[in-house]
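What follows draws every value from the coordinates through simple rules; no lab data is involved. All of these numbers come straight from a predicted model, not from anything done at the bench. A quick note on method: Cβ atoms are made from the backbone with ideal geometry, for glycine too, and the neighbour counts reach across all protein chains shown.
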Amino acid sequence: MGDGRVNRAIREGKARTGEISARMPELKERVPDLKERVPELKERMPEFKARGAELTARSADELRTRSTELRTRGTELARHYARMDVRWARCPPVRALREGLLNFGLGPMIDVYTKPTVHGREVFDTLVHPVVFVANHSSHLDTPTILRAMPMKWRQRTAVAAAADYFYKSRLTAYGVAVLLNTVPLARKGGGLADGATAHVDRLIEQRWNLLMFPEGTRSRNGEIGKLRSGAAVLAAQHGVAIVPIHVTGTHEAMPPGRNWPKRRPGRPFSRRHPVEVRFGAPIWPGEGEHRHDVMARVRAFFEGREVPPPTPPREPVAPVRPPEAVPALVKAPPAGEPLVPVARR
């Protein structure tokens with residue numbers, strides 16, 4: 001088989017050589033024409049250089065114009081989202097109302113259909129405000145279930161990122177979700193964290209508010225974890241805060257996308273509640289110079305129950321490694337049959 005390939009390569013090489021040989025007269029005929037065009041090309045060199053300078057200047061102007069347009073668009077987006085944000089829903093009276101609705105209205109209603117279990121709640125013993133909570137998303141039950149699983153002092157200082165094109169289409173709906181869940185508007189179809197669109201969220205984090213985000217951007221239609229967008233990693237890196245991953249299971253079965261009300265599990269003689277589990281993970285700090293996708297890969301590892309990898313190490317070591325011969329010995333090798341004798345450091 002190897003000889004066949006070699007022979008075929010030889011034949012192809014000979015055929016190619018024959019083609020080049022056949023075109024040699026044509027190429028020789030074109031040489032005088034090319035020589036005649038050399039003076040013309042030299043004369044046109046200033047024209048080419050001027051054209052190049054013109055294109056360079058035009059590109060610079062276009063870049064400046066585009067930059068101005070982006071800054072203007074960023075200002076417009078920031079103002080637009082600031083207008084959509086229901087800021088009064090975070091004042092103390094509304095926070096007290098929200099706590100009552102969650103504990104004595106929405107919460108007991110959800111308990112009719114689900115039986116929640118919370119794991120990892122001890123992580124709050126060491127957390128410090130603010131943090132970015134990042135959770136998977138497969139049901140409208142996810143947000144109230146997560147909020148109820150948090151300690152009250154954390155729940156009352158946590159805002160929920162909500163899709164601006166879904167929950168903020170009407171002012172009445174925006175008021176409702178803001179009062180009930182303390183939502184803030186964010187775009188989810190591109191540009192959600194660009195062009196100044198997160199100025200209102202940046203202010204919240206600077207005021208030591210926590211933020212709950214769903215990086216999938218929408219509810220999973222089959223209960224499986226979809227693609228994780230990296231906006232949470234960008235915000236965490238910009239503000240120097242930790243990401244706390246949250247994995248929720250069971251809500252998709254209780255209220256999947258397309259349903260407007262939860263359902264119970266069929267059973268005999270009575271229906272049963274769906275088991276729901278909320279699992280809080282250890283804080284994930286973006287490493288210095290770590291790419292946002294690598295940070296979200298660590299979040300996905302937690303969602304999938306795998307060991308969370310450490311931050312991506314820097315390309316160069318922080319400090320030089322001492323050669324082995326420079327490390328003082330701690331133990332002196334004794335003669336055969338004698339115990340080890342410690343040697344003091346010099």
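With the radius of gyration and the Kirkwood radius both derived from the Cα set of segment 85-303, what is their ratio Rg to Rh? Kindly include the intermediate steps, with their values, before the conclusion.
Numbers: Rg = 16.8 Å, Rh = 17.7 Å.
Ratio of gyration radius to Kirkwood radius: 0.95.
Could you put Leu34, Leu172 in order, starting from the residue whose Cβ has the fewest other Cβ atoms within 10 Å?
Leu172, Leu34
Can you put Ser139, Ser230 in order, fewest other beta carbons within 10 Å first?
Ser230, Ser139
Could the peptides 232-242, 301-311, 246-256, 54-64 be put in order, highest first, of the mean number of other beta-carbon atoms found within 10 Å of their residues?
Taking the mean over residues of other Cβ atoms within 10 Å, the ranking is 246-256, 232-242, 301-311, 54-64.
Stretched out fully, how many nm does the piece from Trp285 to Leu34 gain, at 0.36 nm a residue minus the Cα gap?
84.0 nm
Treating cross-link reach as a plain straight distance, find the lysines whose alpha-carbon is under 26 Å from the alpha-carbon of Lys153, omitting any fewer than eight places away in the same chain.
Excluding near neighbours in sequence, the set is Lys115.
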